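Encoded as structure tokens, the structure appears first; notes follow it.
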Amino acid sequence: MTKLKENHEQRPAHKPPNPIFPIIAGGCSSIVDALLMQPLDVITTRLQLQSDMVIGGHHYTGMLDAFKTMYREEGITSFWKGLVPVLLVDTPRRTIKFLVFEQSKQYFMFGEKHPTPLTYFLAGGSGGMVEAIVQNPFEVVKVSQQASHQPVHTMQMARTIIRNEGFGFRGLYKGMSTTVTRNFIFNAIYFGIYWTVRDATPTYKNAFYDFLRTVAIACAASLFGCVASLPLDAVKTRIQGPQPVPGKIKYRSTFQTLYTISKEEGWTTLYKGLLPVVLRMVPGGAILLIGYEFINKLLVLKFSQ
């Protein structure tokens, strides 16, 4: 039987790491995650944009139907629609998220020498909120691009949005408050659960078993974060995507859209696309956390001696 090694040794008081390390680690891990998980993100967007109130158009019965229909009618490249804005934004936004998380932990210690669960939750949520400021314009372009059933170049879509709706809260920053709220909830749970459980549970002396322990914790953190934040993700998609009636804004704000969707389509609609979200975010979130931590540790060991 594999013996466990307690994970509660005497540790030096917490101090923020070199800010360059989370920048490099967060950027590298996010690129890998984006390339692998983009197809599920596209399918999720298509499912969330469907409304029973819209007559005609493409209506997918589920994830597999969306996959088969998109492949048959639009080709394999359709699963990477919106990849350019994702790559352009994911590297800097996740870099910023990890940087804010690492550097802000010291402000949420509340007199403790080491981070507490509250520290991780608040620092993670803070990172998510700052991330949203960078992320939102790219999300608007990405959602509009993924909603289109015709090939549309990223820059062409961005120019169209800016020309028709501008840079503000009706244009590239449409749905900003929803994005901030969604990001806070997801990242508070995501970072909070991962680092709290990882610190609280004993480690295995066997490196492979300990890796499996870390993967399981990362997957659980991603899963709980997804389930808690998905309704706001669906709301954000409706606000940022094409409106059901051209020229008429139906989905305006977070609570108004939540109420409208629940009233007209039922609250279960808020969890439309749950399967592809879970399939995309659980392994993707695990890749991101484990990749970040691994690269960050390497940098610390090599350059902090």
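Assorted remarks:
- Just one of the listed residues (78, 30) is among the small types (Gly, Ala, Ser), within 28 Å of residue 239 (Cβ to Cβ), at pLDDT 80 or above and touching a Lys or Arg at 6+ places or on another chain (Cβ under 7 Å), namely 30.
Matching residues to (1) modelled with pLDDT under 90; (2) out of contact with any Phe, Trp or Tyr (no Cβ under 7 Å at 6 or more places or on another chain); (3) under 30 Å from residue 212 (Cβ atoms):
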position: 244; (1), (2), (3): yes, yes, no
position: 248; (1), (2), (3): yes, yes, no
position: 254; (1), (2), (3): no, yes, no
position: 258; (1), (2), (3): no, yes, no
position: 273; (1), (2), (3): yes, yes, yes
position: 278; (1), (2), (3): yes, yes, yes
position: 283; (1), (2), (3): yes, yes, yes
position: 298; (1), (2), (3): yes, yes, yes
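- Test set (1) buried (at least 22 other Cβ atoms within 10 Å of the Cβ); (2) touching a residue at least 24 places away in the same chain (Cβ under 8 Å) - residue 251 fails condition number: (2)
- All conditions but one from (1) over 15 Å from the mean Cα position of the chain (by Cα); (2) surrounded by 21 or more Cβ atoms within 10 Å (Cβ to Cβ) apply to residue 104; the one that does not is (2).
- Filter pass, residue 184 being surrounded by 21 or more Cβ atoms within 10 Å (Cβ to Cβ), out of contact with any Leu (no Cβ under 9 Å at 6 or more places or on another chain), closer than 30 Å to residue 46 by Cα and aromatic (Phe, Trp, Tyr): yes
- Answer residue from segment 207-248, given it is surrounded by 15 or more Cβ atoms within 10 Å (Cβ to Cβ) and charged (D, E, K, R) and is farthest from residue 164 (Cα to Cα) among those: 210
- Yes/no for residue 304 being modelled with pLDDT under 90, among the polar types (S, T, N, Q), over 29 Å from residue 67 (Cα atoms) and more than 14 Å from the chain's Cα centre (by Cα): yes
- Selection of segment 258-305 for residues being in contact (Cβ under 8 Å) with a residue 12 or more places away in the chain, of a type in the set (Lys, Arg) and closer than 21 Å to residue 191 by Cα yields only 280.
- Every residue from segment 137-163 that is of a type in the set (S, T, N, Q) and either buried (at least 24 other Cβ atoms within 10 Å of the Cβ) or assigned to a helix (DSSP H, G or I) (or both): 144, 145, 146, 154, 156, 160
- Any chance residue 223 is touching a helix residue (DSSP H, G or I) at 6+ places or on another chain (Cβ under 9 Å) and under 15 Å from residue 283 (Cβ atoms): yes
- Among the residues of segment 97-115, those that are out of contact with any helix residue (DSSP H, G or I) (no Cβ under 8 Å at 6 or more places or on another chain), in a loop (DSSP other than H, G, I, E, B) and not basic (Lys, Arg) comprise 111, 114.
- When segment 257-274 is filtered for residues that are under 19 Å from residue 171 (Cβ atoms) and more than 23 Å from the chain's Cα centre (by Cα), nothing remains.
The values are calculated or read from the model by the stated rules, or taken from the named source; none is laboratory data. As the structure is a computational prediction, the values presented were derived from the model and not from experiment. Glycine also receives a Cβ, built like all others from the backbone with ideal geometry; neighbour counts cover every protein chain displayed.
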